Amino acid sequence: MKKTVIVLLLLNLIFFPLLYTGCVPSKSAEMGEPLPSDRLIKKLEANRRKVKNFEGSGSLVINTEQLNTTVSFKVALQKPDSVYIEIYGPFGIDLAQVLVTNSNFSFYDIMNNVVYKGKSNSDVLKKIFKINLSFDDLMDAFTGAVNLTQRLSQEPDNYEIVYDKYVLTYIDAISGQMNKFTIGIRDLVITDYQLISSTDKLLIQIGYTKFKVQGGVSIPYSTDVQLKNDKQSMKIEYRKIEVNKQNIRVSMSIPEDVQVVEW
């Protein structure tokens, strides 16, 4: 009798965990079947393109070797080619207005009543924002987006699933640089982007957090841009965001007596 009881206990110890494990939902049952890389990229890019215009307000933190500052701001952005930004100091004092398109820019220094105008290029944007960003980089940073147009017809060099994330890596055939994207499986949002040199040096890292759904698209309310090579960073923290408004204002209002300086 004792032997029978012992055998039954042993069988219970062996098979009960197996039965219990069989009742736990599998990874695919919890999160759905993994998407092929081409479908994943198409979904991400389709979501990015749903945002036609964008308006938000919050705080902007810029750290460079020449500048360390935190300001309040409002941004209005009309795709594909216009960004308007208002910058405020302490107590809501207007400091500047910036209107940038892919061809021209206007920078209104409110304190000195001077407008600087000229052609848009990376040097001009660097002087305005004190950070090494192109016009397209600027658009993407303020909307918390990543342009994947070039990846639509390109297979990743490496595609893996790490717990609840897709990780896609693309290697440039000429420079050897790696573009690495980390994407949440459940909500299909890019949470991290890295540009890595051919010698495994991290050049750029951008983190996206605090997602909320706006206009049917998950938008990050916090974007942290780290330009490691240039020792520069920019952090955007939104308090309010509106997407795809009907009457969005992307223009600058300046007084008639302003001094105009061609840059």
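Consider Ile206 carefully, then state whether it is at pLDDT 95 or above and under 23 Å from Asn132 (Cα atoms). Against the criterion (at pLDDT 95 or above and under 23 Å from Asn132 (Cα atoms)), Ile206 qualifies.
Candidates Lys117, Lys79, Lys127: the one that is in contact (Cβ under 8 Å) with a residue 60 or more places away in the chain and more than 19 Å from the chain's Cα centre (by Cα) is Lys117. Set side by side, the residues Asp123, Asp157, Asp137 differ, and just one is among the acidic types (Asp, Glu) and closer than 12 Å to Val83 by Cβ, which is Asp137. The set of residues from the stretch 167-192 being β-branched (Val, Ile, Thr), touching a residue at least 12 places away in the same chain (Cβ under 8 Å) and farther than 15 Å from Ser222 by Cβ comprises Val167, Thr169, Ile171, Thr182, Ile183, Ile185. Listed by position, the strands (runs of 3 or more DSSP E) contained in the stretch 55-147 that have at least 1 residues being under 30 Å from Val189 (Cα atoms) and in contact with a Ser or Thr (Cβ under 9 Å, 6 or more places away or on another chain) are 68-78, 82-88, 94-101. If only residues of the stretch 149-171 that are closer than 15 Å to Gly184 by Cβ and part of a loop (DSSP other than H, G, I, E, B) are counted, the one that is farthest from the chain's Cα centre (by Cα) is Tyr163. The set of residues in the stretch 100-114 being within 21 Å of the chain's Cα centre (by Cα) and closer than 23 Å to Asn63 by Cα consists of Val100 alone.
The set of residues from the stretch 160-176 being touching a Leu at 6+ places or on another chain (Cβ under 9 Å) and surrounded by fewer than 17 Cβ atoms within 10 Å (Cβ to Cβ) comprises just one member, Glu160.
Only one entry in Leu152, Leu195 is free of Cβ contacts under 8 Å to residues at least 60 places away in the same chain and either crowded, with 16+ Cβ neighbours inside 10 Å or farther than 26 Å from Lys235 by Cβ (or both), namely Leu195. Filtered by the rule that a residue be of a type outside the set (S, T, N, Q) and either surrounded by 15 or more Cβ atoms within 10 Å (Cβ to Cβ) or in a strand (DSSP E or B) (or both), the stretch 39-54 gives Leu40, Ile41, Lys42, Leu44, Glu45, Arg48, Val51, Phe54. Number of residues in the stretch 209-263 that are in a strand (DSSP E or B), exposed (fewer than 12 other Cβ atoms within 10 Å of the Cβ) and polar (S, T, N, Q) equals 1. When Asn104, Asn179, Asn132 are checked against the criterion of being surrounded by fewer than 15 Cβ atoms within 10 Å (Cβ to Cβ) and not aromatic (Phe, Trp, Tyr), a single residue qualifies: Asn104. Residues in the stretch 172-194 that are outside any strand (DSSP E or B), under 13 Å from Leu148 (Cβ atoms) and either touching a helix residue (DSSP H, G or I) at 6+ places or on another chain (Cβ under 7 Å) or polar (S, T, N, Q) (or both): Leu188 only.
The values are calculated or read from the model by the stated rules, or taken from the named source; none is laboratory data. Owing to the predicted nature of the structure, the values given are computational and were not obtained by experimental measurement. Here the Cβ is made from the backbone with ideal geometry for all residues, glycine too, and neighbour counts use every protein chain on show.
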